[in-house]
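Written out below as C-alpha cells is the structure these notes cover.
The values are calculated or read from the model by the stated rules, or taken from the named source; none is laboratory data. Note that the structure is predicted; figures quoted are calculated from it, not measured. Here the Cβ is made from the backbone with ideal geometry for all residues, glycine too, and neighbour counts use every protein chain on show. SASA here: full protein model, heavy atoms, side chains in, ligands and nucleic acids out. Shrake-Rupley method; radii C 1.70, N 1.55, O 1.52, S 1.80 Å.
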2 protein chains.
Amino acid sequence: MNDTNEVVVFGHRNPDTDSVVSALVFADFLRRIKINAKAYRLNDLDNETKFVLKTAGIEQPDVLPDNLPNGTKVALIDHNESQQSMENLKNMRVTYVIDHHKLGDLTTPEPVFLLFEPVGCAATLITKLYIDNQLDITQQIAMLIVSAIISDTLHFRLPTTTDKDRSIVNYLLPITKIDNVTMYANQMFEANSDLSGLSLQQILQVGFKIFLFNDQQWGVSLLYTIYPNRILESKEGLLQEMVDEKKKSNLTGILFSVVDIFKGQNYMFIIGEPERTVVREAFKANTEKQVADLGSRMSRKKDIIPCLEAYFKTNH
Amino acid sequence: MNDTNEVVVFGHRNPDTDSVVSALVFADFLRRIKINAKAYRLNDLDNETKFVLKTAGIEQPDVLPDNLPNGTKVALIDHNESQQSMENLKNMRVTYVIDHHKLGDLTTPEPVFLLFEPVGCAATLITKLYIDNQLDITQQIAMLIVSAIISDTLHFRLPTTTDKDRSIVNYLLPITKIDNVTMYANQMFEANSDLSGLSLQQILQVGFKIFLFNDQQWGVSLLYTIYPNRILESKEGLLQEMVDEKKKSNLTGILFSVVDIFKGQNYMFIIGEPERTVVREAFKANTEKQVADLGSRMSRKKDIIPCLEAYFKTNH
C-alpha cells in the first residue's frame, strides 16, 4: 500500500484549508527535490477546502490508511501535538514538521527537520522552501498557497498575519488565475460559512482542537463564519452538544466560539464550570450569560491559547 | 543589566565550539536584521573554543547573568532540552531555537521560530539565514562558522556531516584568512586535545550532557581527542569520577567515551550496572572489561543516543 521509502505527509486531524493545502504543497516540494512523498488527509474536508481544490483543479488527497507500518516516515504539517495528529503517531518516524503553532508534546529520537515560524499560514513557510531552493511555482501550486494564506489569515484580518504572508500573496498572485483577490476571498468565506447538511455535532467539530494544560485535556473550537446569527440561533442545541462532547471525549473543559469574520467579533459559548471561571479569569470577560463577548479575539493561536496557558500556569 | 527588548542568545550548558560560535553568529544575524541581541556563554570555554575566538580576533562572550528577569526573550542555540540549558529556562520567553539535535522536552506557550535540520553543525543552519536574507558575511563571522563546522563534524569525519556542511565551508573558506584548512583543523584538534590543567573530574565534564530516557536521567559524555592513550592511562581515576558524578547528580546511569579523532574509534568506560547491561544490549558490544570497544561509533547524535532511545523504548 505504502512504498516504505515514501514520506507520508498530512495536516491535523480536523482538516482545514491550510492543513490540507500545505500537505499537498509540501509533498510537491519534496518530490521536486527528488524525495518520494505523498499527501494524505486525516478526515473529511470542509466546504472551503473543497471549493479551493476544485478551483485549482486538484483532486482531494486520499484518506490516511490506518495500517501504516511502524517506522513509516511522516511529515506533520500545520500541527505538532499528538492529540491533533494521526493515531499511532508514536510508532511512526517523524521526519519533517512544518508548523506555525506553539510547540507541544512532540519529541523525536533523532535529529529531524523542523521549520516553525510565527507567521499567519504554514503554506507561507513552504513557499520559502521553494524560493530558497530556486524552484519555480506552478499555477496550481500558487493557487493552493494563496488560498491557504487567505484562509488562515482570513485575508489578512487575523493578528497572526505577518509581512511574510502578505508578500508571498503579492508574489504569487500574478501566477494564479485569480483576477480579483477580494472577490475570491469572499467566495472562500461563503463556502466556509456553508454548513448545510451538517448536524450541530458536526458544526462543533469543524474548528475543534484538543490542547493539554497541566495534563488536563481541553477542547477549544472556533468557527469562523460570515453568518454568525445562523449559529447563534442554535445556541441551546450547541450547548448540549458541548456537554455531550466533553463527556464523550473525557475533557476537563470545552470552549466553543463563533467568530464573525467581517465584524471581527468572538462570541464564546459557556456550558458551566470550570469553563465559566476559566473564561472569566483568562480573558477578563463578563461570563454571566451563556454566550460571552470576547471582543476582537479572533485568533486561537494568538488571542485564545496564550491566555489559557497563562491562566493554567498560575492556577494548578 | 539586560535591556528588556534584547534577545539573550546562548548555547548549551557545557560550551563547545559550535554552541559558543553559533550563539555569537546568531546574535550577529539578529542585529543585522535589526533585532537587538547579545550572545552569552553558560560556562567556561574549552581550549579549542578559546583558540578559535583568538584566531578570529573575537572576545569571549560574557557569562549569562543568573538574575535575568522572568519573561526575557531567549534564543536557544545548538540545544533544546531543559537539562542542557540555563537554570530557570521555564520562566524565560523562548523566542528562537536553532538546533541539529533530537527534539526533547521543549514546549512553548506561543508560536516561535524553530529551525532544526539534521546537519552536522548548527552554524550551517545560521549561514543559510544570512544567505536567504541576502546578507554578506564578514571575515570574522566566516572564520567562526568554518571553525564551528570543522569542530562539530571533526572536519567531515562524523557521520552527521552533510553536503550542506561541506558546501558552506567551501563557500566561506575564501572569505576567511585560512590558507590550509587541513592544517587549521589539526590546530583546532590539538587545542581540543590539550587538557593540561584539567582535573579528571573536569575531563569527564568536557563533553558531558544529560538525557532523559523514560524519566531516567543518564549522563552521556564523549571526549574527542587525538591523544586517546593519555586519557586511557587514567582509567581507574576516571571510573571513580564517574561513580562520584553519578551519585552527586542523582543519575540512573553514566557513560563516558574516549573517541580517537584520527582513528575514528570509540572506547566506552563502564562503571557497573545498569550501564553494563544497557551498553551490551543497546550497542551489542562486548562489555566484559571496564572499557568496551564501541567501534566506529563517533557521533553521540547519530551513533549513541538513537541506540539508547531504541533500547529504553522497549525496556521500561
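In square angstrom and rounded to 100, what buried accessible area do you get between chains A and B, total over both, with the probe at 1.4 Å?
Values: alone 14310 and 14360 Å², together 26570 Å².
Buried area between the two chains comes out at roughly 2100 Å².
Given +1 on the Cβ of Lys and Arg, -1 on the Cβ of Asp and Glu, and no further charges, what dipole in debye does region B:7-191 carry about its Cα centre, rounded to the nearest 20? Could you put the intermediate results ahead of the total?
Numbers: 17 positive and 23 negative charges, 88 e Å.
Dipole size: approximately 420 debye.
Report the chymotrypsin sites (Phe, Trp or Tyr not before Pro) located in region B:80-117 that are in a DSSP loop and have at most 11 other Cβ atoms inside 10 Å of their Cβ, or state none. Show your work: numbers first, answer last.
On the way: sites: B:Y96, B:F113, B:F116; in loops: none.
Sparse-neighbourhood loop chymotrypsin sites (Phe, Trp or Tyr not before Pro): none present.
Any chance you could list P(r) for chain B, counting all Cα-Cα pairs in 20 angstrom bins from zero, rounded to whole %?
Pair shares across the bins are 33, 59, 8.
How big is the protein assembly as shown by Rg and Dmax over its Cα atoms, in Å?
26.1, 81
Probe of 1.4 angstrom, ligands and nucleic acids ignored: what's the accessible area per residue over region A:7-191, in square angstrom? Mind showing how you got there, number by number?
On the way: 6930 Å² over 185 residues.
I get 37 Å² per residue for this part.
Would you kindly work out, in nm and rounded to one decimal, the distances from the label point of A:M183 to those of the same position in each other copy, ordered shortest first, with label points 7 Å along Cα-to-Cβ?
Here the equivalent label points are 7.1 nm apart from this one.
Scan region B:149-181 for trypsin sites (Lys or Arg not before Pro) in coil per DSSP, keeping those whose Cβ has at most 14 other Cβ atoms within 10 Å, and list them by number.
Within region B:149-181, the qualifying trypsin sites (Lys or Arg not before Pro) (loop, at most 14 other Cβ atoms within 10 Å) are B:K177.
Take the Cβ-Cβ distance between A:R31 and A:D105 as r, set R0 to 22 Å, and report the resulting FRET efficiency rounded to the nearest 0.05. Provide the component values of the computation, followed by the final result.
Details: r = 30 Å, r/R0 = 1.36.
According to the calculation, E is roughly 0.15.
Put +1 on the Cβ of every Lys and Arg and -1 on every Asp and Glu Cβ in the protein assembly as shown; which of B:M298, B:Q134, B:A123 then has its Cα farthest towards the positive end of the dipole?
Highest projection toward the positive end goes to B:Q134.
For a quick check of your reading of the filter: which trypsin sites (Lys or Arg not before Pro) in region B:1-95 sit in a DSSP loop and have no more than 16 other Cβ atoms within 10 Å?
B:K34
Please check chain A for the longest run free of GluC sites (Glu not before Pro) that are loop-located per DSSP (anything but H, G, I, E, B) and have at most 12 other Cβ atoms within 10 Å. Mind dumping the intermediate values first?
Details: sites that count: A:E59, A:E87, A:E233, A:E288.
Result for the longest clean stretch: A:88-232.
Give me the distance between the Cα centres of region B:1-64 and region A:44-59, rounded to whole Å.
If we compute the Cα centre of each part, the gap is 48 Å.
Counting helices only, and only those DSSP H runs with n ≥ 4, report the 222 nm mean residue ellipticity of the protein assembly as shown as the sum of -39,500 (n - 2.57) divided by its residues, in deg cm²/dmol to the nearest 500. Let's see the in-between values first.
On the way: 22 runs with 240 residues, N = 632.
Mean residue ellipticity at 222 nm (helix-derived): -11500 deg cm²/dmol.
Can you return the lysines within cross-link range of B:K164? Criterion is Cα-Cα under 21 Å, with same-chain partners fewer than 8 residues away left out.
Qualifying lysines at Cα under 21 Å: A:K34, A:K128, B:K102, B:K128, B:K301, B:K302.
Once the label point is placed 7 Å from Cα along Cβ, list for B:G272 the distances to the corresponding points in the other copies, in nm, shortest first.
So the distances to the same position in the other copies read 5.7 nm.
When the Kirkwood hydrodynamic radius is evaluated over all pairs of different C-alpha atoms of region A:7-191, what value in angstrom, to one decimal, is obtained? Intermediate results must be reported in sequence, preceding the final value.
Working: mean 1/r = 0.0612 Å⁻¹.
The Cα-based Kirkwood calculation yields 16.3 Å.
If I histogram all Cα-Cα distances within region A:22-111 using bins 10 Å wide from 0, what percent of pairs lands in each bin?
Taking every Cα pair in region A:22-111, the percentages come to 14, 46, 34, 6, 0.
Could you work out how far the C-alpha centroid of region B:154-211 sits from that of region B:237-316, in angstrom?
Cα centres, region B:154-211 to region B:237-316: 22 Å.
Which residues' amide hydrogens lie under 5 Å from the amide hydrogen of B:F256, considering only partners 5 or more residues apart or on another chain, with H built in the peptide plane?
B:S221, B:F269
Could you please report the charge total around A:Q240, scoring K, R as +1 and D, E as -1 over all other residues with beta-carbon less than 15 angstrom from its beta-carbon? Let's see the in-between values first.
On the way: positive: A:K235, A:K246, A:K247, A:K248; negative: A:E233, A:E236, A:E241, A:D244, A:E245, A:E275.
Residues close to A:Q240 contribute a combined charge of -2.
Through the Karplus equation 6.51 cos²θ - 1.76 cosθ + 1.60, θ set to phi - 60°, convert the phi angles of region B:204-217 into ³J(HN,Hα) values in whole Hz; use x for Gly and Pro.
4, 7, 3, x, 8, 9, 9, 10, 9, 10, 6, 6, 8, 8
With only alpha-carbon pairs counted, each pair once and no self-pairs, how large is the Kirkwood hydrodynamic radius of region B:264-316 in angstroms? Don't skip to the answer; put the middle values down first.
Details: mean 1/r = 0.0893 Å⁻¹.
Radius from the Kirkwood sum: 11.2 Å.
What is the sum of charges around B:E281, taking Lys and Arg as +1, Asp and Glu as -1, for the other residues whose C-beta is under 14 Å from the C-beta of B:E281? Could the numbers behind the result be given before it?
Working: positive: B:R276, B:R280, B:K284, B:K313; negative: B:E273, B:E275, B:E309.
Every neighbour counted, the sum reads +1.
When the accessible area of region B:7-191 is computed with all protein chains present and a 1.4 Å probe, what percentage of it is carbon and sulfur? Working shown, then result.
On the way: 3310 of 6940 Å².
Summing carbon and sulfur atoms, their accessible area is 48 percent of the total for region B:7-191.
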